[in-house]
Amino acid sequence: MLETRHDQAAGLRRLGTLGPVKVIAVTGGKGGVGKTNVCANLGTALCQMGRQVMVLDADLGLANMDVLLGLRANLTLEHVLAGQCSLGDAIITAGSGLKLVPASSGNAAMANLDAMGHAALVQAFSDLMQPLDVLLIDTAAGLSDSVITFSQAAQRVVVVVCDEPASLTDAYGLIKVLSRRHPGSRFEIITNMTRSLTEGRDLFDKLARVAMRFLDVSLHHLGNVPQDEYLRRAVQHQIPVVEAYPSSAAGRAFKKLAVAADNWKTRDGATGNLEFFVERLVGAPSRQEDTLQ
């Protein structure tokens, strides 16, 4: 245990030499709300703006970001945590310049990392010595420990919702759990697959009314992504819509979201580098503590 803590401390010191990084978790609670598509297009749009962006596929059991981007992953986060390769070896890069740390699919053991797994993750990031402006975390669906842990460790949490009762219920549940640990937290809400701007705003208002009535939180409507046939075509071609059809309604919406995210300031200290993300990742309590409160 002492050796593990020493390794973590050394890794955090190395991370402190990196520049400011915005760490953004993209989550949604319910599966099928389109969070992976949002994450892929947001990251690609930021790359088109000249930013150095990396996506961490944190759906550790059913990863599919590489498929969505049309990439082939020979090495994954599973190999990194097993010590078979470095984080840099596993990173693959899309044509837009978007970097991806792929995770494995169909591996139940990866879905719930233990203490040693988290220590290995710290070590993996401590070896990452390359310029980075934004780290996007594509979380798994649901309210598992990994979803809560990655969301809590991020500087910003983006919650994707669609016009389904289960989507709103799960989004509220996620916000509730996170707000218990950090009262007064702010959440960025993206309304996805809507038929109009009015529908998107109404959907946000519905969630905000309940959350701000019963929880100590602040919700902000980051933007709206409309239903778009061009988005469906882009998914079929395994190309982000901002690349395949940049002038489409969805393409324009994602570019607008990227501009908003680019204007965010880094949080968690003066530097806002990856050290703070990893410190919070290691120090995050398990969800079991919530049940005891």
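Could you pull out the pairs from LYS206/LYS256; LYS99/LYS176; LYS30/LYS206; LYS176/LYS265; LYS99/LYS255; LYS30/LYS255 whose alpha carbons sit more than 20 Å apart here? The answer is LYS206/LYS256; LYS99/LYS176; LYS176/LYS265; LYS30/LYS255. Accessible area per residue was computed with a 1.4 Å probe on protein heavy atoms; MET212 scores about 100 Å². Radius of gyration (Cα atoms) of the stretch 34-100, expressed as a multiple of 2.2 N^0.38 Å: 1.09.
Taking the stretch 137-272 on its own, what percent of its Cα-Cα pair distances exceed 28 Å?
Here the tail beyond 28 Å accounts for 19 percent of pairs.
Simple spin-label estimate for SER218 and ARG186 gives 0.5 nm between the two label positions (7 Å along the Cα-to-Cβ direction from each Cα). Just to verify a number: what accessible area does GLU243 come out at with the full protein assembly present, 1.4 Å probe, Å² rounded to tens? Result for GLU243: roughly 80 Å² accessible. From the largest down, the stretch 117-197 spans 44, 27, 23 angstrom on the principal axes of its Cα atoms.
For LYS22, the solvent-accessible surface with a 1.4 Å probe is about 30 Å², rounded to the nearest 10.
The values are calculated or read from the model by the stated rules, or taken from the named source; none is laboratory data. Model, not experiment: these values are computed from the prediction. Every residue, glycine as well, gets a Cβ built from its backbone with ideal geometry; the counts of neighbours run over all protein chains shown. For accessibility, only protein heavy atoms count, side chains too; no ligands or nucleic acids. Shrake-Rupley method; radii C 1.70, N 1.55, O 1.52, S 1.80 Å.
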